[in-house]
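Every number here is computed from the coordinates shown, using simple stated rules; none is lab data. Owing to the predicted nature of the structure, the values given are computational and were not obtained by experimental measurement. With ideal geometry, Cβ positions are generated from the backbone for all residues, glycine too; neighbour counts draw on all protein chains shown.
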Amino acid sequence: MRIDVITIFPEYLSALDVSLIGKARAQGLLDIRIHDLREHTTDRHKTVDDTPYGGGAGMVMKPEPWALALEAAVADSAEVELIIPSPAGAVFNQQMAYELAEKEHIAFACGRYEGIDERVYEWAAEHPRIRVRPVSLGDYVLNGGEVAVLAMVEAIGRLVPGVIGNPESLIEESHSNGLLEYPVYTKPANWRGKDVPEILLSGNHAKIASWRTSQQLRRTAQRRPDLLAAVDPETLDAQGQAE
Ligand code: SAM
């Protein structure tokens, strides 16, 4: 999978050299290319921002450097999914991560200041090879898109086959079936007076599976009741039978 990230702070993305994503890059599973937006400016000062029309605080990112940078990033691809991180976008979730992990080429445009000139969204939507969507990390405001891109690239990248050593670990995770994950424990069985739930030491796989499903439901009801309404009961039945 190819991922292009355009930013005015390329060094911010150096975290993508580390850990599993860094390893996947080294192995060629993820072809991540970081680009400096300022390389696509034409003035001496490499200006990427200007004052907002209509007045108001802050600066807005100029459209032309973005068009040039995006044209370069998509030049040799038939179709590119362009994600523009924005607090005004649809909120990123696991479903989106699954969907994007299927794409051959995605690109991210990291905004700064008050954001990118709106016409870049319109221009990208009209581009024959770009499918654009504004995506938010959550209902709060960051200083720039880079942190959102780090989170999204990690969530998407780990779903690409081969990136996680044991693909089974992706199956029972939080949000894979719409629920939060059950609690997990490791040795020792008694730690500072706290015992691991007895059922997990029983060796009875059917009972452990049903305990885990009930724990998922309980935890989701306690912490994220909003998720429960969207869960398909048949998924849970199928999960119980498979385990
Ligand atoms: N003026 C914008 C607004 O109110 O919607 C906020 C601009 S913010 C200070 C600068 C940049 O940070 C945005 O263009 C976007 O790239 C990024 N950003 C901020 N919050 C974000 C969020 N919740 N999710 C994704 N990106 C975010």
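From the list 174, 210, 202, 214, which one is surrounded by 10 or more Cβ atoms within 10 Å (Cβ to Cβ), of a type in the set (Gly, Ala, Ser) and either in contact (Cβ under 8 Å) with a residue 40 or more places away in the chain or closer than 21 Å to residue 93 by Cα (or both)?
On the way: 210 fails: either in contact (Cβ under 8 Å) with a residue 40 or more places away in the chain or closer than 21 Å to residue 93 by Cα (or both); 202 fails: either in contact (Cβ under 8 Å) with a residue 40 or more places away in the chain or closer than 21 Å to residue 93 by Cα (or both); 214 fails: either in contact (Cβ under 8 Å) with a residue 40 or more places away in the chain or closer than 21 Å to residue 93 by Cα (or both).
After applying the criteria, what remains is 174.
Only residues that are away from the ligand (no atom under 14 Å from the Cβ) and either in contact with a strand residue (DSSP E or B) (Cβ under 7 Å, 6 or more places away or on another chain) or small (Gly, Ala, Ser) (or both) were counted in segment 89-123, giving 7. Screening 52, 87, 65 for residues that are outside any loop (DSSP other than H, G, I, E, B), out of contact with any helix residue (DSSP H, G or I) (no Cβ under 7 Å at 6 or more places or on another chain) and on the phi < 0 side of the Ramachandran plot leaves exactly one candidate, 87. Could you please let me know if residue 133 is of a type in the set (D, E, K, R), closer than 17 Å to residue 148 by Cα and in a strand (DSSP E or B)? In short, yes. Filtered by the rule that a residue be more than 16 Å from the ligand (Cβ to nearest atom), part of a loop (DSSP other than H, G, I, E, B) and surrounded by 11 or more Cβ atoms within 10 Å (Cβ to Cβ), segment 144-170 gives 158, 159, 160, 162, 163, 164. Cβ-Cβ contacts under 7 Å between residues 6 or more apart (or on different chains), taken from a first residue in segment 115-133 that is in contact (Cβ under 8 Å) with a residue 24 or more places away in the chain to a second residue that is in a helix (DSSP H, G or I) and more than 16 Å from the ligand (Cβ to nearest atom), are listed as 120/67; 123/67; 129/74; 130/74; 132/125. Among the residues of segment 7-48, those identified as touching a residue at least 12 places away in the same chain (Cβ under 8 Å), within 17 Å of the chain's Cα centre (by Cα) and not in a loop (DSSP other than H, G, I, E, B) are 7, 12, 13, 15, 16, 20, 21, 24, 31, 32, 33, 34. None of 54, 58 is closer than 14 Å to residue 118 by Cβ and exposed (fewer than 12 other Cβ atoms within 10 Å of the Cβ) except 54.
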